[in-house]
């Protein structure tokens, strides 16, 4: 078995690719447009034609596709073979035989693999590096792939202190259970995550509106259900404060262009940096 399969079977790693395969069933043109718009907003561009784009931990492939539609030459890779298959499927659907989009398996922790790729105008890794088990090393490796003057767009789980430690235990429990019993963790977590919003929508006379409009509200074209599964299952799991991420990347020779944070929430803080040296 591969290292990925060994870790999944041992309950040390969530099978992200399985969740992404289910997400592809609900992927449509609206979600793709949302993903493209989110890249435009965070990178502050209308096009990245002629530029190179590295998707580190490509997952479903949605943002590789969005970058390709913005004109970039895209290289996508992921540690999870099913995630690689998902991205390859999107390429087959929307950009078959496109020579400017490459999809393959690789690890951000494999320095030799990364060095062979060269450098890119945009290095993108949304919600991935904190799932490697060696987050700071993964950030360093991904950052090294950014060309001079290039942009580094990452999203990292917010450090909530004690709450983050509780969620780590939830994730460990979820992955340690047989698949047929994981609903015992997933459904209570769903209530915890969505219960207040569901009640609020009911009191406003708009039952389910936030859930139904999640793709638009999240600004990334994602799915509420698949994001819940991803959050509850997501191992390995590391977190950082915005200040820690900014300071670390500044030491690597970057300056912050923009960032959005989730306050005290459990989601990801997003950062766009530019390499200055």
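Assorted remarks:
- Taken across the range 168-175, residues that are part of a helix (DSSP H, G or I), out of contact with any helix residue (DSSP H, G or I) (no Cβ under 7 Å at 6 or more places or on another chain), touching a residue at least 60 places away in the same chain (Cβ under 8 Å) and on the phi < 0 side of the Ramachandran plot do occur, with at least one present.
- Among the residues of the range 219-277, the ones that are over 21 Å from residue 18 (Cβ atoms) and in a loop (DSSP other than H, G, I, E, B) come to 15 in all.
- Qualifying positions in the range 219-235 - in contact (Cβ under 8 Å) with a residue 60 or more places away in the chain and surrounded by fewer than 17 Cβ atoms within 10 Å (Cβ to Cβ): 219
- In the range 34-50, residue surrounded by the most Cβ atoms within 10 Å (Cβ to Cβ) [restricted to those that are over 10 Å from residue 67 (Cα atoms) and over 17 Å from the mean Cα position of the chain (by Cα)]: 45
- Elements of type strands (runs of 3 or more DSSP E) in the range 52-167, at least 2 residues being surrounded by fewer than 20 Cβ atoms within 10 Å (Cβ to Cβ) and in contact (Cβ under 8 Å) with a residue 12 or more places away in the chain: 101-105, 146-157
- Exactly one residue out of 78, 98, 55 is in the same structural domain as residue 27 (by TED's automatic domain parsing) and either at pLDDT below 95 or farther than 22 Å from residue 132 by Cβ (or both): that is 98.
- Residue satisfying all of: in the range 9-22; surrounded by fewer than 21 Cβ atoms within 10 Å (Cβ to Cβ) and in a helix (DSSP H, G or I); farthest from the chain's Cα centre (by Cα) among these: 9
The values are calculated or read from the model by the stated rules, or taken from the named source; none is laboratory data. Just so it is clear, the model here is predicted, and its values are computed rather than measured. Counting neighbours? That spans all protein chains shown, and the Cβs are built from the backbone with ideal geometry, glycine included.
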